[in-house]
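The values are calculated or read from the model by the stated rules, or taken from the named source; none is laboratory data. What you see is a predicted model; the values in this text were computed from it and never measured. Heads up, the Cβs are rebuilt from the backbone with ideal geometry, glycines too, and the neighbour counts pull from every protein chain shown. For accessibility, only protein heavy atoms count, side chains too; no ligands or nucleic acids. Shrake-Rupley method; radii C 1.70, N 1.55, O 1.52, S 1.80 Å.
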Amino acid sequence: MRIADAEGIEAVSMRRVATGIGAGTMSLYNYVPRKEDLYELMVDAVSGEYEFTPPSGDWRADLLALAHRTRELMHRHPWLPRLLSPVYGFGPNALRYLEHCLACLAPLGVPGGEKLELVAAVNGSVATFVAAELALAERARSLPWSEAAEQGVRTAWLGSRLATGEYPLLAAALTGGHPVAEAEADMDSVFDRSVSRLLGAWQQPANTP
């Protein structure tokens, strides 16, 4: 995890890990047969960083709070979105996470399988959101000039295109109370709206109290 946090998931290899703990590469294979198994251990270790609080009874609020924690973990470990999948998610800490999610979803009267689908959908949405945030941050770091200068040029170009009248719906959307600059400056609010819309798509069955 330290290697991946500092250098990216591509830098992780059995040789690097073995060197880091002062062991031979071949001896490490006695404990971790494949790199994929190493990835699963890494994902499970990160899952152990969650701090769970008792369910409040409001399953949407509880899952939104969990989504915020997942976003924080992904920023702490930028390689995590690439490994977040059903392939790497069945270690003890990951199972405790799923158990907690199902406890939060107890008031939602749908089958357990649908609840797991909801958890997967939320995590997928968070991973996509954070991946975009990380990509934007990486792009800003690689610019040969300031980010403000880059944004100024792009904003001017976009303004010139919208002024042609060829994109009236897009022009109205970008000037209808949610300017691009404002949205970019408050990603927490954008994140809240994105996850809340997703959670709102799951409805309590009509015949359930």
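Would you mind computing, in nm to one decimal, how far apart the modelled labels at Leu41 and Asp5 are, each placed 7 Å from Cα along Cα→Cβ?
1.7 nm
Hey, any idea what % of the stretch 97-168's accessible area is carbon plus sulfur with a 1.4 Å probe?
It is 64 percent, rounded to a whole number.
Cα-based Rg (one decimal) and Dmax (whole number) for the chain, in Å?
Gyration radius and largest Cα-Cα distance of the chain: 21.4, 67 Å.
Given a Förster distance of 41 Å, report the FRET efficiency between Asp192 and Met26 from their Cβ-Cβ distance, rounded to the nearest 0.05.
Computed FRET efficiency for Asp192 and Met26 comes out at 0.25.
Between Arg96 and Arg141, take the C-beta separation as r, use R0 = 45 Å, and let me know the FRET efficiency to the nearest 0.05.
Between Arg96 and Arg141 the formula returns 0.80.
Probe 1.4 Å, all protein chains in place: accessible area of Thr25 in Å², nearest 10?
40 Å²
Which of the GluC sites (Glu not before Pro) found in the stretch 87-138 are in a DSSP loop and have at most 13 neighbouring Cβ atoms, other than their own, within 10 Å?
none
Taking the Cα centre of the chain as the origin and placing charges on Cβ (Lys, Arg +1; Asp, Glu -1), which of Ala156, Gly20, Val110 is farthest toward the positive end of the dipole?
Positive-end residue among those listed: Gly20.
Work through the residues other than Ala65 whose Cβ is under 12 Å from its Cβ and net out their charges, Lys, Arg +1 and Asp, Glu -1.
Result for the local shell: -2.
What does the extension gain come out to for Arg82 and Ser13, with contour length at 0.36 nm per residue minus their alpha carbon separation?
Gain on extension, Arg82 to Ser13, equals 23.2 nm.
So with the 1.4 Å probe, I'd like the accessible area per residue for the chain, rounded to whole Å².
Roughly 60 Å² per residue, with all protein chains present.
Within the stretch 1-71, what whole-number % of the accessible surface is contributed by carbon and sulfur, with the 1.4 Å probe and all protein chains included in the calculation?
C and S fraction of accessible area: 54 percent.
Where nothing but the Cβ of Lys and Arg (+1) and of Asp and Glu (-1) is charged, how large is the charge dipole of the chain around its Cα centre, in debye to the nearest 20?
360 debye
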